[in-house]
Every structure is written in C-alpha cells, then in structure tokens.
Amino acid sequence: MAPALRYLGGACARARGGFSGALAWGWGPAPGAPWPLGRGGRRASTSSFDVVIVGGGIVGLASARALILRHPALSIGVLEKEKDLAVHQTGHNSGVIHSGIYYKPESLKARLCVQGAALIYEYCNQKGISYKQCGKLIVAVEQEEIPRLQALYERGLQNGVRGLRLIQPEDIKKKEPYCRGLMAIDCPYTGIVDYRQVALSFAQDFQEAGGSVLTNFEVKEIETAKESPSRSKDGVTYPIVIRNTKGEEVRCQYVVTCAGLYSDRISELSGCNPNPRIVPFRGDYLVLKPEKRYLVKGNIYPVPDSRFPFLGVHFTPRMDGSIWLGPNAVLALKREGYRPFDFSARDVMDVIIKSGLIKLVFQNFSYGVNEMYKALFLSATVKHLQKFIPEITVSDIRSTLLSSLCSACGGLAALWPLVLGLAHL
C-alpha cells in the first residue's frame, strides 16, 4: 500500500490541495493523472463520493459544510466512528468563545480567532443558537504579573480584539463583585456557547445541502485501488478506498482528515507523515455548588505564563448556569479517557516510544508536578482559586468531576477559532 500512497503522503507534506480556492490540503491523484472533480453531483452509488471527510467533530463538520456550500455539485461524505456526532473534543470543552488576545500578532491563529469570534456570534444569531456574551477578566493578583498583563493587553490591541481595556481594582469589583485583583484586562467580547449544538447545526446545514453522514464507521484502512471493482460503473473515478473495522468500505477521489486525538494515526494510515505525534492531556474541572453561583458572573482567568503551554485554572460559566472551576492538565493514559483511571496500553506505549513526551516533561517539569498535586488534592486547587475569589471554600465545591481532553504535539495546538475560520460562515 505504501507505494500506491506515496504521492498522497507528498501531497500532505506539501499541503497541496485539489480544490482551487477551497481547502488548501487533501489528497489526490499522482501528477499527470488528475481525477477531475465531478460537476454533476453524485454519479455513483451511495458509497462513492467525490470527497470524504474523516471525523464528525466540529472541525470535520465545519469543513464539510464549507466545501458543500462552495462546491454544491460535489458529492461529499463525512465518516464518524461513534454512533453520534461531536461527542469527543467538541462535546468535552469549556465552551468559551475566545476573543483572540493570546496569540502572536499577525499569526494565523490570531487572525482566525478574531474573525472566528465574530462569525460564531453571527452564525448563532442566524440559527437561533443560544449563547451568552458574558465577557472575561484576565486578572493579575501579584505585582510581578502586571508587566505580563500589560504586554498581553498590547498584544490584544495589535490583534484587533474588540473592546479591550485595562481596569483597576475598583472596576474589577464592578464587573466581578467577589473577585480581587491588582489590575485586569476586561474582554467584553468573550462569550460562551454549547459547541456541540453548533457542530450539530453545521451537520444539519451540510445534510440539507446534499451531504451524507455515515456514523459507526471507524476507519481502519485507506488505500488506492489497483483496479476497478468487478462490474463497477465507477471504473477508477473513485480510486481511494476507505475501509472500517467491520470490513465495509467507501470510495472517493479526495480525503480530508479531521480526526482530533487520532489525527496522527489516520495520517499514518493514509501514507502521510504521522508527526507531530499526539500526546493526550486530560483537564479535570470542579463544579461550584448552585447556591454559590452568585460568586461568579463571567469568565475569570489568570495571567498566563508564556513558559507553559496551558492557560491555568479559571472560572467558567456554562450555558446551563453551572460554574466550572479548572481545569488542571494531567497526562491522560488513554486518548479518549475522560475518567482518571481510563487506560489503553497502546496509547501509553505510543506516548512513551513515539512522541516527544520526555522533552515535554523536561521543559515543563515544575508545572507538571504542580498540576499532578492539584489533581490529587482538592484543597490545593481551591487555594489557587482563592487568589481570585477569597470567599470560595472546599465545601462550596460539588464532588462532580468533569473532564475534557486536549492534545500537546510539539507545539501544534487545536484551535476552536480555526473551525470558524475554515467554515467562512
């Protein structure tokens, strides 16, 4: 299979796409033997598509939606291994609509985040999806944090983030009566939303435009067909064969993979380079008791330390009215292990042998030890939270522990704004 997919791997490495003016990546035929995209809609059976997108999370669904709206003549299918859509990273996150303050000015991340925030508000308004533009305070509680806070403020201005202002303790109290701090950045454009609801709306748009979604389809193999199937009318029009764990298959011309925590493995199946490797981290959230929700009105974040890859423990209101406290960041022993003792031998071995975990550990050793300590002792997390809201006590925390998963892969970050940047709503 490797020789047959050699060009496909090269296409990934060079980021060459088969769509003029559309996505800038994907897989296609060898040079000199182009497979023209169908212009008359689907011409084959329901298991043959012009384009297949692997992954039914928000990134895959946004990509599928964008493609079919720009190229309505194409037949496009989305493959999802679970029985439902958007149940992993999309359905396990804090739900924050970030404003774009954190990223390096003029970077793609910064541009997409600022544009994406505006687009998601617009999309939610169009579709009647509930959201709350509750704002965010990034609060300095120590004198040494103030220079970093001011630098972050300047970065936000360079990125074009709307409504930013530096505020003093008296204005902090006006925004968050129970929060203490020496100085803060007020980000009024930050909001919250249920991203799974947004993803399912993308799926509905995609299907209404003629797209197909196949669930319970876990990709096991991707190869190029050496010859057309017996009695097939397709010939070699759909030369890429994608098989699942049940032996079922679909055929297509082009593949786009949006496989979340399995991106490296799906890339390897296709013949592309699997690097950077995924290293999964679990973030555990605590939940504030309902009778204590009055302590928090909007998002309250610490000043990030650029030496570490995470934003730190924060206060996050949710669309259901609950208040999440966290997360920590601890190494997960399973890629989709949302519980502390979820374990996969293969995932652990991949992290140890194939990833850059050792380098990551040495670069962030003190931070990692601190995160593990907070994961083991509730009082340690509460002590950190009390720097911002002194009234919070251990007895104010529900025993419920919620988890999200993210990936660290040699500096590659999975960005929610990228989803909306792709979709061009």
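The values are calculated or read from the model by the stated rules, or taken from the named source; none is laboratory data. Just so we're clear, the structure is a prediction, and the values are computed from it rather than from any experiment. Reconstructed Cβ throughout: ideal geometry from the backbone, glycine too, with neighbour counts over all protein chains shown. With ligands, DNA and RNA removed, areas are computed over all heavy atoms of the protein, side chains included. Shrake-Rupley method; radii C 1.70, N 1.55, O 1.52, S 1.80 Å.
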### Query
Of the accessible area of the range 101-192, with the probe set at 1.4 angstrom, what percent is carbon plus sulfur?
48 percent
### Message
With the cut-off at 1.5 for a/c, could you classify the range 272-315 from its C-alpha gyration tensor as rounded, prolate or oblate?
### Response
prolate
### Query
Dipole magnitude of the range 180-311 about its Cα centre, charges +1 at Lys/Arg Cβ and -1 at Asp/Glu Cβ only, in debye to the nearest 20?
420 debye
### Summary
Under the rule rounded for a/c under 1.5, else prolate if a/b exceeds b/c, else oblate, using alpha carbon gyration tensor axes a ≥ b ≥ c, the range 159-227 is classed as prolate
### Message
Can you report the principal axis dimensions of the range 256-338 using only the alpha carbons, biggest first, rounded to whole angstrom?
### Response
53, 30, 24
### Solvent accessible area, Å² - I192, 1.4 Å probe, full protein context
0 Å²
### Task
Straight distance only, please: which lysines reach the Cα of K226 with their own Cα at less than 29 Å, same-chain residues fewer than 8 apart left out?
K81, K246
### Task
Could you check how many percent of all C-alpha pairs in the range 231-292 are farther apart than 13 Å?
76 percent
### Anisotropy class of the range 56-145 from Cα gyration tensor, a/c 1.5 cut
prolate
### Task
Could you list the GluC sites (Glu not before Pro) in the range 185-228 that lie in coil according to DSSP, counting only those with at most 10 other Cβ atoms within 10 Å of their Cβ?
E227
### Surface per residue (accessible, 1.4 Å probe) for the range 256-320, Å²
37 Å²
